[in-house]
Amino acid sequence: MKFEKPAVSVPDQIELLKRRGMTVADDALAQHYLGFISYYRLRAYWLPFEVPATNNGDHAFRDGATFEDVLTLYIFDRELRLLVLDAIERVEVALRAQWAHHMAMNHGAHGYLDQGHYAHIGRHASAVAELQKEFTRSRDTFATHYRDKYTSPKLPPVWMAAEVMSFGLLSKFYSDLKLRSERKAIAAPFALDEKVVTSFAHHISHVRNICAHHGRLWNKRFTVKMTVPQYPAKLPVAMRNADPRYLHNTLVMLDYLLALIAPDNEWKKRLVALIDGCPLADPASMGFPADWRTRAAWKV
């Protein structure tokens, strides 16, 4: 089937929304946001207000749907992404630090490049090749200095490599370590099983990419899920009956890790205030269990 939909001007987009049943109280405001956000991006936030398509295949909105409500959800999601990125940054830095320190102290500055430490030679070779590309592209002062001063090895020591590689690449280096004892040692400061850390690192790199590309996070159904921990006991209790395909469990885990990394943080308080401040953003859409407010994990 050939795509033949014509481009539609912003004023015509507003008329289309009205025709489909959305109330637009302020055309100038709607034109402003459609111009600076785009119809296509905002569309993800009015999907919850839609009803089944009419006989001619056109979408329609339920009674009471307003452009202002759509904008409220969009702003909520934007603020949620910023909060999640704030937490991910601190968790990511901590995981980088633990991996780099363990590898340096046990295998030396460049021991992380030794294929003997990894379960899959092909995967390791691919990861090293990816790191080489990232290091070559880096214009950080330390990277430029290393390339200018040293001819061998071509790649930097592990503590520099940890700062250059993407979080997704870091998760590959960690998860492919041959010895479970090494993965356990790196996971130990977080009081988590190494399988949980492996799973969460993979999952959070996916979430991070969504946030970094300004994607919808609020009611996102993830294709890369995280493993529910069996311990500490408060984690499986907090995640009981939560939908693992959505954001709830990610938020619980981020809060748990932040409490270890930055004990005086107020991240959870800010998150709960954000949720409370937007009744339109139904917590169930983020996988929250019905009784989440009564659970110890969400007390602020």
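The values are calculated or read from the model by the stated rules, or taken from the named source; none is laboratory data. Only a predicted model underlies this, so the values are computations on that prediction, with no experimental measurement involved. For neighbour counting, all protein chains shown are included, and Cβ atoms are generated from backbone atoms with ideal geometry for every residue, glycine included. Surface accessibility is based on the protein's heavy atoms, side chains included, excluding ligands, DNA and RNA. Shrake-Rupley method; radii C 1.70, N 1.55, O 1.52, S 1.80 Å.
List of remarks:
- Seen against the Cα atoms of the chain and their longest principal axis, helix 194-212 is set at about 50 degrees.
- Distance from the C-alpha centroid of segment 139-163 to that of segment 218-289: 37 Å, rounded to the whole angstrom.
- Highest average packing first - 120-129, 152-161, Cβ atoms within 10 Å: 152-161, 120-129
- Placing R0 at 35 angstrom, the Cβ-Cβ distance between D58 and R221 gives a FRET efficiency of 0.90 after rounding to 0.05.
- Net charge contributed by nearby residues that have their C-beta within less than 14 Å of A262 (K/R +1, D/E -1): -2
- Segment 61-124, accessible surface, carbon-and-sulfur percent (1.4 angstrom probe): 53 percent
- For the chain, the 222 nm mean residue ellipticity estimated from helices alone, with every DSSP H stretch of n ≥ 4 adding -39500 (n - 2.57) and the total spread over all residues, rounds to -17500 deg cm²/dmol.
- Label zone of A119 (point 7 Å out along Cα→Cβ, amide N under 11 Å): in segment 180-198 this covers 180-181, 183, 195, 198.
- Relative to the longest principal axis of the Cα atoms of the chain, helix 121-137 runs at roughly 70 degrees.
- Nearest-0.05 FRET efficiency for A297 and V24, computed from C-beta distance (R0 30 Å): 0.15
- Å² per residue, accessible surface of the chain at 1.4 Å: 53 Å²
- Over the chain, relative contact order from alpha-carbon pairs under 8 Å, at least 6 apart, %: 17 percent
- The label-point distance for K5 and A290, in a model that sets each label 7 Å from Cα toward Cβ, rounds to 3.7 nm.
- Alpha carbon centroid spacing (whole Å) that separates segment 171-209 from segment 35-97: 30 Å
- Environment charge of R19, counting only residues whose C-beta is closer than 11 Å and scoring Lys/Arg +1, Asp/Glu -1: -1
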